[in-house]
Amino acid sequence: MTPFAKLNSPTELDALKRKAISAIQGCATRVLVCGGTGCMANGGPAVLDALQKALEKHEVPVRADIMREEDEDAITIGYSGCPGYCQVGPIVRILPADYFYVQVKPEDADDIVTQTVMNGKPVDRLLFKDENNSYAKRDDLPFYKDQVNVVLADCGVIEPGDIRDYIARDGYRALAEALFGLTPEAVVAEVTESGLRGRGGAGFSTGRKWGFTQVVQSAKKYVVCNADEGDPGAFMDESIMEGNPHALLEGMAIAGYAIGADEGYIYVRAEYPLAISRLRTAISQAEQAGLLGDRILGGPFSFHIHIKEGAGAFVCGEETALISSIEGQRGMPRPKPPFPANSGLWGKPTVVNNVETFANVSKIILNGAEWFRSFGIERSPGTKVFALTGDVVNTGLIEVPMGTTLGDVVFKIGGGIRTGRPFKAVQIGGPSGACLTEEHLDLPLDYDSLKSVGAMVGSGGLVVMDDSTCMVEIARFFMSFTQKESCGKCVLCREGTKRMLDILTRIVSGKGKVEDISLLEELALTVRDGSLCGLGKSAPNPVISTLKHFRDEYLAHIVDGVCPAGECESFKAYSIVSEKCKGCGLCAKKCPVNAISGELKSPYVIDATLCTRCGVCAEVCKFDAVVLS
C-alpha cells in the first residue's frame with residue numbers, strides 16, 4: 001500500500017474518502033477471496049494464488065495499489081473478511097457485479113478470469129444452488145435473505161488490510177464527528193439513548209457503563225476490549241477483527257474520548273493469530289493516517305491502542321480476571337465492588353466492552369440512536385451476531401435483529417436439520433448457556449426473553465442438535481469444559497463443578513443412581529448462587545436446563561439402563577447380524593471373556609451379560625457382521 005500523508009483535520013479525512021471512492025468506483029473489477037480463518041484453512045490462499053497466476057497468464061492488468069486511478073482498466077485482487085457463509089467456502093466475490101462464488105478450487109481460477117473478469121459473465125457451476133434455483137448474487141441466497149447486517153455490513157466487502165477501503169465506506173467519520181462536533185457527555189448520551197447493550201453476555205447498558213466511568217475524577221483512564229472469545233463454537237469476535245478491524249479501533253477511540261481515556265488495550269487470545277496480525281496492521285495504518293495516536297486529526301485528543309495476547313484461559317473472559325492478566329498477574333477474578341468503572345486496570349477507571357459492542361458504536365454516532373432502535377425490539381435494540389453451528393443445514397456467521405425467533409434462525413436462515421432427523425435442542429451461550437427445546441422455537445432471541453427461560457444470549461454461540469444427541473452427555477461435555485477452566489479461587493466453583501462432573505460421568509457410564517439427580521440439582525444451585533464470578537455462577541446452566549427439559553433422559557440412563565439417543569458408549573452392546581455371519585467362529589475364538597457361542601457354519605450370538613464391549617469381535621470379523629448398537 002502506498003504511504004499517504006497524515007490527516008490533520010476532518011476536511012482532509014473527507015477528501016481522502018472522496019478520492020478512495022473515486023478510485024474504487026473507477027476500478028474495472030474487484031476480486032475478493034474470503035480471508036476468514038475458515039476459508040483460509042480450507043484452501044483460500046491457494047485460490048488467491050491461482051487467480052493471480054490466471055490474471056497474469058491472460059495479461060489482465062492488476063492494480064498494485066487500489067488508489068492508482070490512472071489504471072482504469074485494471075482490476076484489484078485481495079482478501080476480504082468472512083462473508084459469513086462458512087460451510088460453502090472458499091468464497092470468491094466479484095464486484096461490482098456482486099457474483100458470489102462458493103466452494104471455489106484453484107482449478108476454477110481460469111474460468112473466473114476468462115468468463116467473469118474478462119467478459120462479465122458468471123461461472124454458473126460456481127454459484128450457490130438449491131433444489132430449485134441458482135443464485136448469482138450474495139443477497140439473493142436464502143441464507144442471507146432474513147439477515148440484517150450492521151456490524152457485519154463491511155465484512156466480506158472491504159480489504160481489511162487497507163484502511164482506505166474502510167475510509168471509503170465512512171470509516172472514521174464517526175470519530176471525526178464525535179471529536180469535532182460532540183462533547184463527551186453528548187457521545188455517552190447518544191450511546192445510552194440507542195439502548196446498545198453489551199454484546200459479550202450479560203447485556204448491561206453500554207451507555208450507562210460509559211457514564212459511570214466518565215464521571216469518575218482521574219488523571220488516567222483506560223478502555224479495554226474483551227476479545228477473549230472462549231466459548232466452544234463461537235467465532236463472532238474473531239471474524240469481526242479479521243474482516244473489519246478498524247470498526248473495533250474506531251469504536252474504542254470514541255469510547256476513549258467519551259470517558260476521558262487516552263489509552264486502550266485489546267485483550268485477544270493468542271489462538272487468533274490472523275486476527276492479531278490484522279489488528280496490528282490496522283493500528284499501524286491508523287497511526288500513520290493520524291486517526292490513532294497523538295493529536296488525532298490535528299485536534300487535542302490522543303488515544304493509543306495496545307494488543308495484549310492472552311493464553312487462552314476461559315476465565316479471562318470475566319472482566320476482572322482479564323484486567324489481572326493485562327497487568328501481568330494470574331487471570332483470576334476479583335470481588336466486586338469496586339467495579340472497573342471506578343477501579344479497573346492498574347487501579348484506574350476502566351471501561352470494558354467486547355468486540356461486537358465497540359463495532360456498533362460508529363454506526364450509532366453516524367446514524368443516530370433512533371436509527372439503531374429501528375432494529376430489534378424496545379428493550380433489546382439493534383442486531384446480534386451469532387455463530388450458527390451443529391446439526392443444521394447452513395452453518396456460519398449470521399446477524400439478525402434482536403427479537404428474531406429461535407425457529408426463524410434454525411429453520412429459515414439455518415435451513416433446518418441437515419440430517420433429516422427431528423430437531424431436539426439448541427445450546428445457546430456456550431458452556432455458560434442453556435438448552436432451548438422445541439417449545440422455545442417461537443422464543444425471541446433477546447436478553448430478557450432468554451433470561452425468562454433460564455438461558456442467556458452470551459457471546460452468541462448457537463449449537464443446533466438433532467434427536468441423536470444425548471443431552472446428559474451434552475451437560476457432561478460442557479461441565480468438563482468449565483471444570484477445567486475454573487481458576488480455582490473459590491471453593492464452590494472449584495469443588496462443585498468437579499463433583500457435578502463426577503456425577504454426570506457416572507451417569508453416562510451406566511453407574512448412576514436415582515439420588516444423583518437431586519444431588520446434581522442441589523450442587524448446581526449452590527455453585528450458581530455462591531460462586532465469585534460469572535464462570536462459576538453460569539457453569540451449572542447446562543445441567544439445570546437439561547434436567548428441566550430432559551429429565552426423562554437422565555432417568556432412562558439411571559433406571560432403564562439405556563441411552564435414548566444411542567450415543568453413550570457404555571450403553572451400547574455388540575450383536576451379530578445373522579444374515580451377514582458366515583459361522584467362521586473367529587470372533588468366538590478371539591473373545592477374551594468367552595461371551596460368544598455358536599456352531600461352525602451357523603450364525604454366532606453374543607451374550608450381552610458377559611460382553612465387556614472390548615470390540616475385538618468387530619475388529620476380527622471379515623464380514624462386518626458384528627455391530628455396536
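The values are calculated or read from the model by the stated rules, or taken from the named source; none is laboratory data. In this text the structure is predicted, and so the values were computed from the model without any measurement. Positions of Cβ are backbone-derived with ideal geometry, glycine not excepted, and every protein chain shown enters the neighbour counts.
Overview of values
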| quantity | calculated |
| --- | --- |
| Lone unmet requirement of (1) closer than 26 Å to Leu555 by Cα; (2) in contact with a helix residue (DSSP H, G or I) (Cβ under 6 Å, 6 or more places away or on another chain) for Ile474 | (2) |
| Residue in the stretch 20-40 that is of a type in the set (Val, Ile, Thr) and over 30 Å from Thr395 (Cα atoms) present | yes |
| Total residues in the stretch 403-453, condition basic (Lys, Arg) and not in a helix (DSSP H, G or I) | 3 |
| Odd one out for Gly382, checked against (1) under 24 Å from Leu182 (Cβ atoms); (2) of a type in the set (Gly, Ala, Ser); (3) in the same structural domain as Tyr267 (by TED's automatic domain parsing) | (3) |
| Sole exception among (1) surrounded by fewer than 24 Cβ atoms within 10 Å (Cβ to Cβ); (2) not in a helix (DSSP H, G or I) for Thr192, by number | (2) |
| Hey, Lys589 out of contact with any strand residue (DSSP E or B) (no Cβ under 9 Å at 6 or more places or on another chain) and of a type in the set (D, E, K, R) or not | no |
| Qualifying residue in the stretch 241-258 (condition: among the small types (Gly, Ala, Ser), in contact with a strand residue (DSSP E or B) (Cβ under 7 Å, 6 or more places away or on another chain) and not in a helix (DSSP H, G or I)) | no |
| Breaking point among (1) of a type in the set (A, V, I, L, M); (2) buried (at least 16 other Cβ atoms within 10 Å of the Cβ); (3) out of contact with any helix residue (DSSP H, G or I) (no Cβ under 7 Å at 6 or more places or on another chain); (4) assigned to a helix (DSSP H, G or I), for Ile24 | (3) |
| One residue from Arg164, Arg173 being closer than 21 Å to Asp14 by Cα, buried (at least 24 other Cβ atoms within 10 Å of the Cβ) and among the charged types (D, E, K, R) | Arg164 |
| Which listed residue, of Ser545, Ser570, is farther than 30 Å from Gly331 by Cα and either in a helix (DSSP H, G or I) or of a type in the set (Asp, Glu) (or both) | Ser570 |
| Any hit, the stretch 277-298, residues being assigned to a helix (DSSP H, G or I), buried (at least 17 other Cβ atoms within 10 Å of the Cβ) and under 20 Å from the mean Cα position of the chain (by Cα) | yes |
| Whichever residue in the stretch 359-374 is of a type in the set (Gly, Ala, Ser) and in contact (Cβ under 8 Å) with a residue 60 or more places away in the chain and, among such residues, is farthest from Phe180 (Cα to Cα) | Ala359 |
| Count - residues of the stretch 226-238 that are closer than 17 Å to Ala270 by Cβ and not in a loop (DSSP other than H, G, I, E, B) | 4 |
| Among (1) in a strand (DSSP E or B); (2) touching a Gly at 6+ places or on another chain (Cβ under 9 Å); (3) among the hydroxyl-bearing types (Ser, Thr, Tyr), the one test that Ser575 misses | (2) |
| Residue in the stretch 404-422 that is farthest from the chain's Cα centre (by Cα), counting only those that are of a type outside the set (A, V, I, L, M) and buried (at least 22 other Cβ atoms within 10 Å of the Cβ) | Thr404 |
| Any hit, the stretch 434-454, residues being among the β-branched types (Val, Ile, Thr) and surrounded by fewer than 19 Cβ atoms within 10 Å (Cβ to Cβ) | yes |
| Subset of the stretch 502-537 [under 29 Å from the mean Cα position of the chain (by Cα), buried (at least 22 other Cβ atoms within 10 Å of the Cβ) and without any contact (Cβ under 8 Å) to a residue 60 or more places away in the chain] | Leu504, Ala524, Val527, Ser531, Gly536 |
| Selection within the stretch 578-619 - under 18 Å from Gly510 (Cβ atoms) and part of a strand (DSSP E or B) | Ile606 |
| Members of the stretch 521-535 that are hydroxyl-bearing (Ser, Thr, Tyr) and assigned to a helix (DSSP H, G or I) | Thr526 |
| Every residue from the stretch 197-207 that is crowded, with 24+ Cβ neighbours inside 10 Å and either assigned to a helix (DSSP H, G or I) or not basic (Lys, Arg) (or both) | Gly200, Thr206 |
| Candidate set from the stretch 344-373 (those that are crowded, with 19+ Cβ neighbours inside 10 Å and of a type in the set (S, T, N, Q)); member that is nearest to Ala174 (Cα to Cα) | Ser362 |
| Residue in the stretch 83-101 that is under 30 Å from Gly461 (Cα atoms) and among the acidic types (Asp, Glu) present | yes |
| Some residue of the stretch 305-325 being within 25 Å of Pro10 (Cα to Cα), modelled with pLDDT of 95 or more and not in a loop (DSSP other than H, G, I, E, B) | yes |
